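Since the structure comes first, as C-alpha cells, the remarks are kept for the end.
A short reminder: the numbers here are calculations on the coordinates, not readings from a lab. Quantities reported herein were computed from a predicted structural model and do not represent experimental measurements. Counting neighbours? That spans all protein chains shown, and the Cβs are built from the backbone with ideal geometry, glycine included.
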Amino acid sequence: MKQRVEIVTRILDSNDQLAEQNRKKLDAHQVFAINVMASPGAGKTSFIVQTIAKLPEGLRLGVIEGDTAPVTIDSDKIIEAGMPAIQINTGGNCHLDANMVGLAINQLNLDDIDLLLIENVGNLICPAGFALGNHANIVIASIPEGDDKPYKYPNIYRNIDVLIINKIDLLPYIDFRMDYFREGVEMLNPGLKTFEVNSKTGEGFDGWIEWLKERVSTTQK
Amino acid sequence: MHELAVTESLLAIVVQSAEANHAQKVTDITLSIGALSSIVDDSVQFYWDHISKGTIAEEAKLHFNRIPATIRCLDCDFEFTLEEELTPCPNCDSIHLDIIAGEEFQVDYIEIQKEETNSNETTS
C-alpha cells in the first residue's frame, strides 16, 4: 500500500530550532549578538579589532571566530585587543550553523558580555542560509572584491541590517563604481544602513559605533 | 552551496516522518526549492545516494519542484521573473523591488510504502 505523507517543513528546520534556543539563551543574559558575514579577505577581523578600539567605555564585547581550519590567528588578535574570544573550527564546513554557535556560547561567560560578534566563515553564499540565533546580521564588503558582488551573490545582501564597505582608502586605485555597487544593494535591500570605512585608520567608524550603541542599549542590563 | 549539510537535514526529516507513519520504505520525496536558494539539484542527489544507504529512505526518488524568483516593483506594482542577473524594473526602471517568491526551501511531502496487514480490518 502506498501512502502520501504531507510534511511542508523547512529543510533546515532542526537548525532553525537550535538557533531559537541560542536566541533565548542570549536574551536571558541580555546579550545583543551580531552575525558578521563577508568573503575571505574582506577585513572582518580587522574591522572587529578597530570596533574594539572605538567601543564606548563600559560596553563589554565577546567574539566567536569561525574558521574552516584549526587555526587561532583570528581569535589571538581579538584576545590581544583585550576581549574574550572563542575559536570554532568548522572542520572544512563552509559556514557556521546554530549547533556550533550554541557550543561556543556555552564557553563564554554571558553575564560579562553586552555585545557578541560572531565572525562567520569567509564566504558570500553559505552563511546566508543558516540561522544562528543572533539579533542582527551585517555584511562587510571591501573595495578590492569589485563592484559586481550584489549582482553575483544577491542572497547575502538580503535580510541584513547593516552593510559595511571596507578599505575605502583603495578607491583611487581600483575600478570600483560605488553607484553601481550601491544600486545593486538597493534593489535587494531598500534603504539598507551602509557605512563606508577604513578599518586600518578607523575612518568612517563613528556612524557604525553610534548604530551599535543604540542597538545594544535596547537590550541593556 | 552546502549541499551535504542540507542533505543530512533532509534525511533526518524524511526518516523521522517515515517512522512516525510506520512506513516500510520511502519511495518518493518532493521538495520545493526557490531559484534564489542556491541549492544544486544534482549535488543534493549525489549526497543523497550516499547518505541514504542503509536507511528506510534508501533508493527514494527526489523530485525537485523549482520555484522561479518573482520580483514585484514597489513603485509600479509590475511583477516579473528574474531570469539571470538582477535588473531594475523592466516596466519603469525603478530599483525599489521586493522579492515575493524564489526563496522557498522545504520538503513538501513524501510517499511511503506500508504493509498491507491492516487492510483486512478496513476492507472486506
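Per-structure values
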{"quantity": "From the options A:Ile48, A:Ile11, A:Ile7, residue that is more than 27 Å from B:Ile29 (Cα to Cα), surrounded by 15 or more Cβ atoms within 10 Å (Cβ to Cβ) and aliphatic (A, V, I, L, M)", "calculated": "A:Ile48"}
{"quantity": "Segments classed as helices (runs of 4 or more DSSP H), wholly inside segment A:10-111, with at least 3 members that are touching an Asp or Glu at 6+ places or on another chain (Cβ under 9 Å)", "calculated": "A:13-28, A:44-54, A:73-80"}
{"quantity": "Residue in segment A:148-166 that is of a type in the set (Asp, Glu) and away from chain B (no Cβ under 14 Å) present", "calculated": "yes"}
{"quantity": "Counted residues, segment B:54-70 - those being polar (S, T, N, Q) and outside any loop (DSSP other than H, G, I, E, B)", "calculated": "2"}
{"quantity": "Filter pass, B:Leu4 being crowded, with 21+ Cβ neighbours inside 10 Å, facing another protein chain (nearest Cβ under 10 Å) and touching a residue at least 12 places away in the same chain (Cβ under 8 Å)", "calculated": "no"}
{"quantity": "Selection from segment A:182-207 of residues that are closer than 18 Å to B:Ser94 by Cβ and part of a helix (DSSP H, G or I)", "calculated": "A:Arg182, A:Glu183, A:Gly184, A:Val185, A:Glu186, A:Met187, A:Leu188"}
{"quantity": "Filter pass, B:Glu83 being within 11 Å of chain A (Cβ to nearest Cβ) and in a loop (DSSP other than H, G, I, E, B)", "calculated": "no"}
{"quantity": "Per-region count, segment B:32-51, residues more than 10 Å from every other protein chain (Cβ to nearest Cβ) and in a helix (DSSP H, G or I)", "calculated": "11"}
{"quantity": "Residue list for segment B:10-58, restricted to those being surrounded by 21 or more Cβ atoms within 10 Å (Cβ to Cβ) and free of Cβ contacts under 8 Å to residues at least 24 places away in the same chain", "calculated": "none"}
{"quantity": "All positions within segment B:13-31 that are within 14 Å of the chain's Cα centre (by Cα) and assigned to a helix (DSSP H, G or I)", "calculated": "B:Ile13, B:Val14"}
{"quantity": "Number of the condition not met by B:Phe64 [criteria: (1) more than 11 Å from every other protein chain (Cβ to nearest Cβ); (2) buried (at least 18 other Cβ atoms within 10 Å of the Cβ)]", "calculated": "(2)"}
{"quantity": "Single unsatisfied condition, A:Pro172 versus (1) more than 14 Å from every other protein chain (Cβ to nearest Cβ); (2) closer than 21 Å to A:Phe195 by Cα; (3) without any contact (Cβ under 8 Å) to a residue 40 or more places away in the chain; (4) assigned to a loop (DSSP other than H, G, I, E, B)", "calculated": "(4)"}
{"quantity": "Filter result for A:Thr51 (among the β-branched types (Val, Ile, Thr) and closer than 21 Å to A:Gly202 by Cα)", "calculated": "yes"}
